Amino acid sequence: MTRYGMVIDTKKCIGCHVCAMACKTENNLPNDVWWNRIFTDNGGEMGFDMVGGSYPDNLQFGYIPVACQHCENPACVKVCPVGATYKDPETGVVRQDYDKCIGCRMCMSACPYNGVRSFNWEEPAFHMDYAMGSKDAPEHQRHVVEKCTFCYHRTSQGIEPACMHLCVGRARFWGDLDDPTSEVSQLLAERSHKRLLEERGTEPSTYYLV
């Protein structure tokens, strides 16, 4: 079985936000919607980097890109009353069926990773007068929940996700976690790593090399 996942090298990430912009453009995201955000590891959000540690001798600084974790045991799927949020059996990717979504936002409430999902309260609005990004990206709708799709429209054609494709620091890696010969599996075997909120039992498919 294939189980797609992403490995992010926190020692290579330079916080340039190119992955976030690549995601936004590729998926033609509405104004003020971000599926991929870059935090500093001391709490700073997009545009507000924060240095941690103690001054002056032990300052620490690093970046943590955060998007949908595409969990092996996704809390969002369990609570969706109509099956709009579901786990793709062929890839393990947690997907969203906009046509089924009734806008109850139960998935947003259940997900422990705050902010990785967004809700379109109004008809999606865009800065540009024409669609940007891929013609295969799903069309955005009013009153539905959205999130990172692992660029399913690309990966289903054998193309890597847009965020990885344009990563300046080459900090992102993509592949089959169930394949021991894949690059992601080999990196996890060689390097120390962590996952976000592992204690919640969601089994995220995004790993961070430390």
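The values are calculated or read from the model by the stated rules, or taken from the named source; none is laboratory data. All values reported here derive from a predicted model rather than from experimental measurement. Ideal geometry is used to build each Cβ from the backbone, glycine not excepted, and the neighbour counts take in all protein chains shown. The area values use the complete protein model at the heavy-atom level, side chains included, leaving out ligands, DNA and RNA. Shrake-Rupley method; radii C 1.70, N 1.55, O 1.52, S 1.80 Å.
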Long-range amide H partners of residue 63, meaning residues 5 or more apart or on another chain whose placed amide H is closer than 5 Å, are 41
Counting pairs of alpha carbon atoms under 8 Å apart in space and at least six apart in sequence, what relative contact order in percent does the chain give?
32
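Given the DSSP H assignment, sum -39500 (n - 2.57) over each helix run of at least 4 residues in the chain and divide by its residue total; what's the result at 222 nm in deg cm²/dmol, nearest 500?
Working: 6 runs with 35 residues, N = 210.
Value at 222 nm, helices only: -3500 deg cm²/dmol.
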Among 89, 204, 175 - extreme Cα towards positive end, dipole of the chain, charges at beta-carbon:
204
136, 176, 99, ranked by accessible area, largest first (probe 1.4 Å)
99, 136, 176
Packing-ranked peptide list from 122-135, 69-82, highest mean Cβ count within 10 angstrom first, is 69-82, 122-135
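In a shell of Cβ-Cβ distance under 9 Å around residue 2, excluding residue 2 itself, what net charge do Lys and Arg (+1) and Asp and Glu (-1) give? Could the numbers behind the result be given before it?
Details: positive: 3; negative: 90, 176, 178, 179.
Spelling it out: positives minus negatives among the neighbours equals -3.
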Sketch the reach of a paramagnetic label on residue 21 as a point 7 Å from Cα along Cα-to-Cβ, and name the residues of the stretch 161-179 whose backbone nitrogen lies under 16 Å away.
162-170
Would you grab the residues whose amide H sits under 5 Å from the one on residue 206? Only those 5+ places off in sequence or on another chain, please, with H modelled 1.01 Å from N.
6
With θ set to phi - 60°, apply the Karplus curve 6.51 cos²θ - 1.76 cosθ + 1.60 along the stretch 108-118 and write out the HN-Hα couplings as whole Hz, x wherever there is a Gly or Pro.
5, 5, 7, 5, x, 9, 4, x, 7, 10, 10
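Full-extension gain between residue 33 and residue 72, please, as 0.36 nm times their residue separation minus the C-alpha to C-alpha distance.
On the way: separation 39, 0.36 × 39 = 14.04 nm, distance 2.51 nm.
So the extension gain works out to 11.5 nm.
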